[in-house]
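The values are calculated or read from the model by the stated rules, or taken from the named source; none is laboratory data. This one's a predicted model, so the numbers in the text were calculated from it and none came from an experiment. All Cβ positions, even for glycine, are placed from backbone atoms using ideal geometry, and neighbour counts span all protein chains on display.
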Amino acid sequence: MANRRSLVQRCLTPMTVLPRSTMVVVGVVMWVLFFLIWVGLSNGGVVPPMFLPTPTAVLHTGWELLQNGTLPMHIWASARVVLTGFILSSLLAIPLGLLMGTFPVVQAMLEPIVNFIRYLPVTAFVPLFILWIGIGEEQRVAVILFGTFFQQLIMFSDVARQVPRDLLNAAYTLGATRASVTWQVLAPASLPGVLDALRVTMGWAWTYLVVAELVAASSGLGYISLKAMRGFQVDVIFLAIAIIGALGLVTDQAFRFLRLKVAGWAQ
Amino acid sequence: MHLSPSSSRVSAPAAAAPKLRVEGVSLHYPDGKGGHVVALDDVSFDVPEKQFAVLVGPSGCGKSSLLYLAAGLNDVTSGEILLDGKPVHGPGPDRGMVFQGYTLFPWLNVRENIAFGLKRKGIPAAERREIVDHYLDEVGLSKFADSYSRHLSGGMKQRVAIARALANDPQVLLMDEPFGALDSQTRLQMQKLLLRVWEKSHKTVLFVTHDIDEAILLGDRVLVMSARPGRIARELTVPIAHPRSMDQVMEPEFIALKRQILDLLHPTQDTEQDAE
């Protein structure tokens, strides 16, 4: 035991591996600390309740809105918009992006335009979308679609481009045709990267949703936040933020699980 | 074409029709400054049926490029590559290849990897299974039939790659420094395994390496290449009978041939130095 480093020493060593239990404990301690500071600031009266609600007040409001059905309605409204926009965008971007990364001719066609558009902030288009589509759900779907599609296109094309060349060559020398190389090699080889890109862009889709709901909406988590601000209901704003965070965490874990299930061969 | 300086032809069948013929092949590619680099310059040689031919040369001599051309994975700038007298256009299952890097399909297990080409050929499942089992046994991986490539060592991956190429029963097997990335112990084991497999099947093989010992140990014939532009400097017949073993690297014929190749590769250098 004499030559073993102490836990403190190990924690301070760069690029070291720590036991799983230590990692979990440190993570939990941080959450506890976070809540303690929150309780200290709110219950301790350091910050007036008008600006910072107590954790119990947020929970209480959450319970109330859950029981009268308002909260599920707004969560569903947000989730519906985010999923519609995200799924539409992914359905278009996956084939097009993979084609772009596979066929230089498609890349030459799309890349100049895509690289121009993807640096435009989607918020700049919100007024245009309102003018064109109105302030209904379609407008919010359009914001998410527009915000994620061009980013996804570039990410998926990178995924396809990173498939090792010799993997395709090996398939050719085993008698694969160009079509079977595309479906039997390129597609499965791209799958883990595609799932990783979906996981990242799902987070962005949530961001655009809130932007869209803050500007023009009559339901959704972004909308109730904005309404709560006008009525000084700071507890509702906190609730909306916490729920968006939790939903993001759930979708993230769902993608991790999916990645493990359908592409467990790639670690 | 140079005549073989060695008079005792042991394993190469005399005057057999060439299985693979490389005829006046040149390969140029742009150098990015408006000109071009000559990777291969008017390379010609034949590989007779059932011969194990080895291309050896310094890095950058174009020996791997030549193999990719033979596989049809790249286009020649001029010249022709013929298989059984017919020019090759593009890749095909008649020219199997084992690559330097690991090219197992990681989403398929070992069995499915070996069956990949058989499936493309439309061979029925029962027969496929039989062939795969045979080659799994040949490379000693029967116990790993259901493993995925991330659980295999480098040597095991290359054994699967060899089994996968052989299971497809190609006319010619092209091997591009297949053991180059392996540690020396594993490399020795792989050379032994390949010798054993080849002595049973007598496939026509074109093997690329920069390791002179490997070239002599495995080859019936060694084609020594020079670099920039890549050319065949000399063809040498290996006067060592099969079956071969690792002990033969100590024998006088082996050492004499090694010295001769070293002289060709490093004409001005001290030949006592190892080529690597």
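Residue-by-condition table, conditions (1) without any contact (Cβ under 8 Å) to a residue 40 or more places away in the chain; (2) in the same structural domain as A:G97 (by TED's automatic domain parsing); (3) of a type in the set (V, I, T):
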position	(1), (2), (3)
A:F149	no, yes, no
A:S157	no, yes, no
A:D166	yes, yes, no
A:N169	yes, yes, no
A:G175	yes, yes, no
A:R178	yes, yes, no
A:V185	yes, yes, yes
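Table: residues versus (1) on the phi < 0 side of the Ramachandran plot; (2) touching a Ser or Thr at 6+ places or on another chain (Cβ under 6 Å); (3) away from chain A (no Cβ under 14 Å).
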{"residue": "B:E49", "(1), (2), (3)": "yes, yes, yes"}
{"residue": "B:L55", "(1), (2), (3)": "yes, no, yes"}
{"residue": "B:P58", "(1), (2), (3)": "yes, no, yes"}
{"residue": "B:A70", "(1), (2), (3)": "yes, no, no"}
{"residue": "B:G79", "(1), (2), (3)": "no, yes, yes"}
{"residue": "B:D84", "(1), (2), (3)": "no, no, yes"}
Being within 14 Å of chain B (Cβ to nearest Cβ) and more than 14 Å from the chain's Cα centre (by Cα) narrows it down to one residue among A:L239, A:L153, A:L186; which is it? A:L186
Looking at segment B:90-107, can you tell me whether even one residue there is free of Cβ contacts under 8 Å to residues at least 60 places away in the same chain and more than 11 Å from chain A (Cβ to nearest Cβ)? no
Looking at A:S157, A:S78, A:S89 in this structure, which one is in contact with a helix residue (DSSP H, G or I) (Cβ under 6 Å, 6 or more places away or on another chain), over 21 Å from A:A217 (Cβ atoms) and surrounded by 21 or more Cβ atoms within 10 Å (Cβ to Cβ)? A:S157
On the given criteria, is B:M190 within 15 Å of the chain's Cα centre (by Cα), assigned to a strand (DSSP E or B) and modelled with pLDDT of 90 or more? no
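Table: residues versus (1) within 12 Å of chain A (Cβ to nearest Cβ); (2) part of a helix (DSSP H, G or I); (3) surrounded by 17 or more Cβ atoms within 10 Å (Cβ to Cβ).
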site	(1), (2), (3)
B:N113	yes, yes, yes
B:F116	yes, yes, yes
B:I123	yes, no, yes
B:E127	no, yes, no
B:D133	no, yes, no
B:G140	no, no, no
B:G155	no, yes, yes
Mind checking whether some residue in segment B:232-246 is hydroxyl-bearing (S, T, Y), assigned to a strand (DSSP E or B) and under 24 Å from B:D41 (Cα atoms)? yes
Per the filter on segment A:210-236, residues of a type in the set (F, W, Y) and either outside any helix (DSSP H, G or I) or within 14 Å of chain B (Cβ to nearest Cβ) (or both) are A:F232
Enumeration of residues in segment A:190-206 that are within 14 Å of chain B (Cβ to nearest Cβ) and either free of Cβ contacts under 8 Å to residues at least 12 places away in the same chain or crowded, with 22+ Cβ neighbours inside 10 Å (or both): A:S190, A:V194
Filter pass, B:Q260 being in a helix (DSSP H, G or I), within 30 Å of B:F105 (Cα to Cα) and of a type outside the set (G, A, S): no
Based on this model, can you work out whether B:S65 counts as hydroxyl-bearing (S, T, Y) and away from every other protein chain (no Cβ under 12 Å)? yes
Considering only segment B:193-216, state which residues are under 13 Å from the mean Cα position of the chain (by Cα), hydrophobic (A, V, I, L, M, F, W, C) and either at pLDDT 95 or above or crowded, with 20+ Cβ neighbours inside 10 Å (or both). B:L194, B:W198, B:V205, B:L206, B:F207, B:V208, B:A215, B:I216
